[in-house]
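The values are calculated or read from the model by the stated rules, or taken from the named source; none is laboratory data. All values derive from a computational prediction rather than experimental measurement. When we count neighbours, we look across all protein chains shown, and the Cβ atoms used for this are built from the backbone with ideal geometry, even at glycine. Accessible surface is based on the protein model in full, side chains and every heavy atom, while ligands, DNA and RNA are left aside. Shrake-Rupley method; radii C 1.70, N 1.55, O 1.52, S 1.80 Å.
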Amino acid sequence: MKYEKSHRLYDKAVTLMPGGVNSPVRAYGSVGMKPLFIERAEGSKIYDADGNEYIDYVCSWGPCILGHGHPAVIKAVKNACDKGLTYGAPTEKEVILSSMIRELMPSMEMVRMVNSGTEAVMSAIRTARGYTGRDMIVKFKGCYHGHSDGLLVKAGSAALTSAVPDSGGVPKAYTDNTLIALYNDEASVSRLFEKYGDNIACVIVEPVAANMGVVPPKKGFLEFLRSITHKYASVLIFDEVITGFRLGLGGAQEYFGVKPDMTTLGKIVGGGMPMAVYGGRRDIMECVSPVGNVYQAGTLSGNPIATAAGIATLRVLMDAPAIYDEIKVKAEKIAAALRSTGVYVNQIGSLLSGFFTDRRVIDYDSAVSSDTEKYADFFKYLLSNGIYTAPSQYEAMFVSSAHSDEDIDKTCKIIKNFGAE
Ligand code: KE4
């Protein structure tokens, strides 16, 4: 593969943008090579600036469940563009999309549209704090919920419970109310509630963790979170930015049968356009301005182009729910190919991660036992063979409805040859 144009663009980009990118993971930092610059994408394929073709399993980190450039989505976006790009006023599309979301996820009785998952999570937490009058929040080590200050934390010295900033520029005070528990570890949650329960506004969790690689909840974990938050009158927030409309039309909350108080959505809900949503119980969401005193606003929130893309995407999925089983079966084939090479795999629906470790990956500590050097070698091997996966061990592979059986068979063949060369 030639990467000359990507490298030329990168050498210029790094003089203009930090790391030459607009989001850090795109910089290929953990795989030790200059990043590819992408020219275009179509269906299951992505094409770099040098014209190299790849089968794409990043899918823009999740939004492209229908692949790239689905005709119905493109048509809806083009039609919307003909009517202008933004009005800063309510539109019928926001009513339609809100109705679809509530129909598919009944726990989201009322929603507010924003522009990114970060904004959705930041606003959901502010709303939970406003509703409960409490300050503390619980998140899980290894879960990522966007880059709002109070969530950029790592375990402090105090036996894990307290948090300290995990990023420059975040004042210590901004993380004092963030408590850290361990994913799939009920006792770590119970300890926090026993000590702080009456001041915990919310627990926020990825119902399937996908930012330490894919780590599904162990049996009963989500039910436990539902029970303990009920007991202490804390708000349970499912961050379904990745799992929403990915695990099925009702997301993880339908898949596992656990009803949160609030949910955040992103990625698929915008069909590839900048769009995210937070919402939940009506009595909680009625705390949000202009009805309640929790302020939140956005110039491009509910943008007519983004809502058009979201509506079109959900309509395709609602008209063809068989897509979910089809992409699950395809993901299972890739998982089997990875396992045949000795890689540990977590796969749920069309979401999967291969871990280079001999441990079962069931939580953060087992996830980070992975050999990231070996992952980097695997990434580069796949890339050189026309397979585009995440340039980080701690991301997920996504399968779309555009991935053909031929794509899957080719991918599995290449995976099985890893190390054979
Ligand atoms: P955004 O602000 O990037 O739209 O969403 C933040 C977010 C919130 N919640 C979950 C569960 C998420 O996975 C994310 C963002 N996901 C990452 C990939 N794991 C986005 C990719 C990137 O940062 O460039």
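Things to note:
- Calculated accessible area for the chain comes out at 42 Å² per residue, all protein chains present (probe 1.4 Å; ligands, DNA, RNA ignored).
- When the Cα gyration tensor is reduced to axis lengths a ≥ b ≥ c, the ratio a/c is 1.5 or higher for segment 1-146, and with a/b not above b/c it is classed as oblate.
- Sorting the Cα pairs of the chain by distance into bins of 20 Å, from 0 upward, gives 26, 59, 14, 0 percent per bin.
- Residues in segment 123-149 reached by a label modelled at V25 [backbone nitrogen below 15 Å; 7 Å Cα→Cβ]: 142-148
- For the chain, the residue among S227, A128, V73 whose Cα projects farthest onto the positive side of the dipole built from Cβ charges is A128.
- Each part reduced to its alpha carbon centroid, segment 35-65 and segment 93-136 end up 30 Å apart.
- Membrane-span-like helices of the chain, defined as complete DSSP H segments with a Cα extent of 20 Å or more along the helix axis and a mean Kyte hydropathy of at least -1.0, are identified as 117-132, 304-319, 322-340.
- Counting only DSSP H runs of at least 4 residues, each contributing -39500 (n - 2.57), and dividing by the residue count of the chain, the helix-based mean residue ellipticity at 222 nm comes to -10500 deg cm²/dmol.
- Protection proxy ranking, peptides 88-94, 237-243, 413-419, 225-231, average beta carbon neighbours within 10 Å, highest first: 237-243, 225-231, 413-419, 88-94
- Centre separation in Å (Cα based) which lies between segment 309-373 and segment 269-289: 27 Å
- Local net charge near A41, Cβ-Cβ under 11 Å (Lys/Arg +1, Asp/Glu -1): -3
- Size of electric dipole in the chain: Cβ of Lys, Arg +1 and of Asp, Glu -1, about Cα centre, debye, nearest 20: 220 debye
- Carbon plus sulfur fraction of accessible area for the chain, probe 1.4 Å, in percent: 52 percent
- Cα shape, segment 71-319, gyration tensor, a/c 1.5 rule: prolate
- The Cys residues in the chain with no partner Cys Cβ within less than 4.7 Å of their Cβ are C81, C143, C202, C287, C412.
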